[in-house]
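The values are calculated or read from the model by the stated rules, or taken from the named source; none is laboratory data. Quick caveat, the model's predicted, so the values are computed rather than measured. Note that we place each Cβ from the backbone using ideal geometry, even for glycine, and neighbour counts take in every protein chain shown. The area values use the complete protein model at the heavy-atom level, side chains included, leaving out ligands, DNA and RNA. Shrake-Rupley method; radii C 1.70, N 1.55, O 1.52, S 1.80 Å.
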Amino acid sequence: MPTHSREEVEVTSILKNILDNYPAGSATLREILQNTDDAGAQTQTFILDTGSFDSNALVDPVLGVCQGPAIIATNDAYFQPKDWVAIRKIHNSSKTQDETSTGKYGLGFRSCYHV
């Protein structure tokens, strides 16, 4: 039976590198807009949710800091199967070989780890 080896990555090191080498702030919104363009969406909406939510039923109390407020980003495109594959690959970009991609050189969704 053939065995397939998978590259193992240290996710925390990759995340630290992203956070250390990529600016926080408005760059994250720009990356979301690039993803919107690459997806062929016609509209992009950002919603600021200033609400806070009860944290009594969380798996771990430390998650209480994630109960609000939030920025919600939505557009009118649909995720394709290739998008689900790409979003799970933290150390590779699926757009580097696509000359038509707006986000060819960016980090895309990975920039959201700042949030």
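Just one of ASP20, ASP54, ASP37, ASP49 is within 15 Å of ALA77 (Cβ to Cβ) and out of contact with any Cys (no Cβ under 9 Å at 6 or more places or on another chain); which is it? None of the others qualify; the one that does is ASP37. If you go through region 67-80 and keep only what is open to solvent by 70 Å² or more (accessible area, probe 1.4 Å), more than 16 Å from the chain's Cα centre (by Cα) and modelled with pLDDT under 90, you end up with just PRO69.
Entry remark, region 36-50: residues being out of contact with any strand residue (DSSP E or B) (no Cβ under 8 Å at 6 or more places or on another chain) and open to solvent by less than 100 Å² (accessible area, probe 1.4 Å) number 3 in total. Tallying residues that are part of a loop (DSSP other than H, G, I, E, B) and either under 16 Å from the mean Cα position of the chain (by Cα) or in contact (Cβ under 8 Å) with a residue 60 or more places away in the chain (or both) within region 17-51 yields 5. Of the numbered criteria (1) touching a residue at least 24 places away in the same chain (Cβ under 8 Å); (2) out of contact with any His (no Cβ under 9 Å at 6 or more places or on another chain); (3) among the β-branched types (Val, Ile, Thr); (4) assigned to a helix (DSSP H, G or I), the one ILE14 fails is (2).
Restricting region 94-110 to residues that are open to solvent by less than 40 Å² (accessible area, probe 1.4 Å) and either part of a loop (DSSP other than H, G, I, E, B) or in contact with a Cys (Cβ under 7 Å, 6 or more places away or on another chain) (or both), the residue that is modelled with the highest pLDDT is GLY106.
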